[in-house]
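The values are calculated or read from the model by the stated rules, or taken from the named source; none is laboratory data. A quick note: this is a predicted structure, and the numbers were derived from the prediction, not measured. Every residue, glycine among them, receives a Cβ derived from its backbone with ideal geometry; neighbour counts consider all protein chains shown.
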Amino acid sequence: MKRHFERFLADESATMALARQVYAALPGDFSGWTVLLTGELGAGKSTFARALIQAAGHSGVVPSPTYTLVEPYELRSGKLYHVDLYRISDEEELRYLGWNELDDGFRMVEWPDRAPGLTADADLVLQLVVEGNGRNASIRGLSDRGAALVDSLVQGDFKD
Ligand SMILES: Nc1ncnc2c1ncn2[C@@H]1O[C@H](COP(=O)(O)OP(=O)(O)O)[C@@H](O)[C@H]1O
Ligand SMILES: [Mg+2]
């Protein structure tokens, strides 16, 4: 089983296509999954999150959670929480903000390194690295089910 998937994303539409592919590989009810999005400012984390939220059936705008910390959605696969921890300086702050209440949904977290304790039990981590005009994407499975999803992405690429 492959726990690691890599792809060069030449432009924004490639980032969005990867997000749709990850969504398609998730179970029909994605409650309780946690996906971490890492990479510097401008790497494409929010682009990926927006495309996944839209793939899950949301047709309106996808506001940035930079100031609200959490943007909640009710989607056909369950509740989804788009989280951006950029402005968090202390993990304790997050506990007070109701982090534990996010357990019932799918959590997609930008800047997870701001709260390493709270994001330790994640299923997947996507890392985006700027490379020329594009991005290098790498996805790792952290949990067993995350690793199985990554393996299915790798298998899917072989079939293309
Ligand atoms: N694969 C890609 N190649 C080039 N530009 C990209 C790619 N993916 C996203 N972008 C662009 O990068 C910019 C910043 O993206 P954003 O998602 O806001 O980054 P972040 O949330 O990581 O700060 C956007 O203008 C977006 O169109
Ligand atoms: Mg962002």
Exercise. Out of all the residues in segment 41-50, is one or more more than 10 Å from the chain's Cα centre (by Cα) and charged (D, E, K, R)?
Worked result: no
Seminar exercise, completed: Scanning segment 95-110 for residues that are of a type in the set (Lys, Arg) and without any contact (Cβ under 8 Å) to a residue 60 or more places away in the chain gives 95
Exercise. Is segment 76-84 home to any residue that is of a type in the set (D, E, K, R) and away from ligand 1 (no atom under 15 Å from the Cβ)?
Worked result: yes
Problem set entry | Residue that is nearest to ligand 1 (Cβ to nearest atom), among those in segment 56-72 that are under 19 Å from residue 25 (Cβ atoms) and surrounded by fewer than 19 Cβ atoms within 10 Å (Cβ to Cβ) | 58
Exercise. List the pairs whose first member sits in segment 18-43 and is exposed (fewer than 12 other Cβ atoms within 10 Å of the Cβ), whose second member is part of a loop (DSSP other than H, G, I, E, B) and basic (Lys, Arg), and whose Cβ atoms are under 9 Å apart, counting only residues at least 6 apart or on separate chains?
Worked result: 28/76
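Scan 150, 125, 130 and give me the residue that is under 22 Å from residue 69 (Cβ atoms) and either at pLDDT 95 or above or small (Gly, Ala, Ser) (or both).
Values: 150 fails: under 22 Å from residue 69 (Cβ atoms); 130 fails: under 22 Å from residue 69 (Cβ atoms).
That would be 125, the only listed residue that is under 22 Å from residue 69 (Cβ atoms) and either at pLDDT 95 or above or small (Gly, Ala, Ser) (or both).
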Seminar exercise, completed: Being away from ligand 1 (no atom under 16 Å from the Cβ), surrounded by fewer than 19 Cβ atoms within 10 Å (Cβ to Cβ) and farther than 26 Å from residue 17 by Cβ narrows 118, 97, 102 down to just 97
Seminar exercise, completed: Being touching a strand residue (DSSP E or B) at 6+ places or on another chain (Cβ under 6 Å) and not hydroxyl-bearing (Ser, Thr, Tyr) narrows 26, 41, 37 down to just 37
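If I filter segment 124-131 for residues that are away from ligand 2 (no atom under 16 Å from the Cβ) and not hydrophobic (A, V, I, L, M, F, W, C), do I get at least one hit?
Filtering segment 124-131 for residues away from ligand 2 (no atom under 16 Å from the Cβ) gives 124, 131.
Subset that is not hydrophobic (A, V, I, L, M, F, W, C): 131.
Scanning segment 124-131 turns up at least one residue that is away from ligand 2 (no atom under 16 Å from the Cβ) and not hydrophobic (A, V, I, L, M, F, W, C).
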Exercise. Looking at 74, 92, 12, which one is modelled with pLDDT under 95 and not basic (Lys, Arg)?
Worked result: 92
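Only residues that are over 21 Å from residue 27 (Cα atoms) and without any contact (Cβ under 8 Å) to a residue 12 or more places away in the chain: list them for segment 73-94, please. Steps first, please.
First, the residues of segment 73-94 that are over 21 Å from residue 27 (Cα atoms): 84-94.
Those that are over 21 Å from residue 27 (Cα atoms) and without any contact (Cβ under 8 Å) to a residue 12 or more places away in the chain: 90, 92, 93.
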For this session: Return the total of residues in segment 58-90 being more than 16 Å from the chain's Cα centre (by Cα) and among the β-branched types (Val, Ile, Thr).
Result: 3
Exercise. Is there a residue in segment 114-122 that is at positive phi and not in a strand (DSSP E or B)?
Worked result: no
